[in-house]
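Notes follow once the structure below has been shown.
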Amino acid sequence: MSKLLYVQASPRKGRSKSIQVADAFAAAYRESHPGDTLEVMDLFAADLPAFDGPAVTAKYVILHGEKHTAEQRRIWDGVEKVIAHFKSADKYLFAAPMWNFGIPWRLKQYLDILIQPGYTFRATENGSEGLVKDKPVMTVYARGGEYPEGTDAAALDMQKSYFELALRFIGFEKIHSIIVEPTLAGPEKTDIALKKALKEAAQSAADF
Ligand SMILES: Cc1cc2nc3c(=O)[nH]c(=O)nc-3n(C[C@H](O)[C@H](O)[C@H](O)COP(=O)(O)O)c2cc1C
């Protein structure tokens with residue numbers, strides 16, 4: 001029995017196109033994997049610790065091989081809890097909007113918490129090595145505009161390129177994606193894009 005962690009990075013709930021498509025993937029996944037568990041994590045509602053000055057200090061205390069104070073230990077416990085929860089999953093599904101060519105700040109905050117040496121990657125003589133191994137990930141990316149591969153606009157996409165760089169850095173190799181775009185070029189174009197992405201979502205869940 002596997003656990004699929006479904007992370008929603010849009011605060012738009014039912015209006016979110018990335019969530020609509022990821023929901024379709026999740027529904028098809030449930031049908032084809034009836035014995036698995038599926039946990040939904042809404043990043044805008046989740047109790048994520050701030051990755052602020054005290055958290056960064058607690059991180060550097062570890063990097064410098066020093067001991068945490070009681071307060072730093074308390075802060076770092078919060079970081080470890082989020083990492084342990086993330087690593088408890090076997091498979092991942094993300095719904096990720098494009099915000100200002102990149103990812104929403106809550107998803108970046110989640111990555112800043114998760115990407116820690118000794119927990120999700122480690123330094124080796126040959127460079128860094130990701131520690132989240134052999135786990136597939138599917139991400140649904142929604143964009144208001146269009147950024148098709150092979151066009152000048154593709155260079156502006158720091159959403160998929162950055163997010164997948166971060167995933168690869170912590171060890172993911174089986175990286176799948178569905179793009180829904182454009183979502184802000186009028187109802188007709190949105191409808192066509194949404195239908196295409198929903199079909200892809202329904203088809204790709206069985207083998208995931
Ligand atoms: C704060 C913000 C920034 C955005 N920046 C971009 C952008 O840089 N490029 C783009 O194509 N669309 C941009 N959009 C539009 C969203 O990508 C689009 O509405 C998408 O459908 C959002 O995903 P969602 O429907 O899952 O919430 C932005 C939307 C918001 C709210």
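The values are calculated or read from the model by the stated rules, or taken from the named source; none is laboratory data. From a predicted model like this one, the values you see are computed outputs, not experimental measurements. Cβ: placed from backbone, ideal geometry, glycine included. Neighbour counts: every protein chain shown.
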Does any residue of segment 3-11 turn out to be aromatic (Phe, Trp, Tyr), in contact (Cβ under 8 Å) with a residue 12 or more places away in the chain, surrounded by 12 or more Cβ atoms within 10 Å (Cβ to Cβ) and more than 16 Å from the ligand (Cβ to nearest atom)?
no
So for segment 122-140 (the condition being more than 30 Å from Ala206 (Cα to Cα) and either in a loop (DSSP other than H, G, I, E, B) or within 16 Å of the ligand (Cβ to nearest atom) (or both)), does at least one residue qualify?
yes
Within segment 148-183, residues in contact (Cβ under 8 Å) with a residue 40 or more places away in the chain and among the hydroxyl-bearing types (Ser, Thr, Tyr) come out as Tyr162, Thr183
Flag for Ser18 being out of contact with any Gly (no Cβ under 9 Å at 6 or more places or on another chain), hydroxyl-bearing (Ser, Thr, Tyr) and part of a loop (DSSP other than H, G, I, E, B): no
The condition of being within 16 Å of the ligand (Cβ to nearest atom), assigned to a loop (DSSP other than H, G, I, E, B) and of a type in the set (A, V, I, L, M, F, W, C) holds, among Phe25, Phe44, Phe51, only for Phe44
Residues of segment 159-189 being part of a loop (DSSP other than H, G, I, E, B), surrounded by 14 or more Cβ atoms within 10 Å (Cβ to Cβ) and either near the ligand (Cβ under 9 Å from one of its atoms) or at pLDDT below 95 (or both), in sequence order, are Gln159, Glu181, Pro182, Thr183
In segment 25-52, residues that are closer than 14 Å to Thr139 by Cβ and touching a helix residue (DSSP H, G or I) at 6+ places or on another chain (Cβ under 7 Å) total 2
Log entry, pairs with first residue in segment 113-135 being in contact (Cβ under 8 Å) with a residue 12 or more places away in the chain and under 20 Å from Asp52 (Cβ atoms), second being among the acidic types (Asp, Glu) and in a helix (DSSP H, G or I), beta carbons closer than 9 Å, six or more apart or on different chains, reads Gln116/Glu80; Tyr119/Glu80
Sole miss for Leu93 among (1) surrounded by 15 or more Cβ atoms within 10 Å (Cβ to Cβ); (2) in contact (Cβ under 8 Å) with a residue 40 or more places away in the chain; (3) farther than 20 Å from Ala201 by Cα; (4) not basic (Lys, Arg) is condition (3)
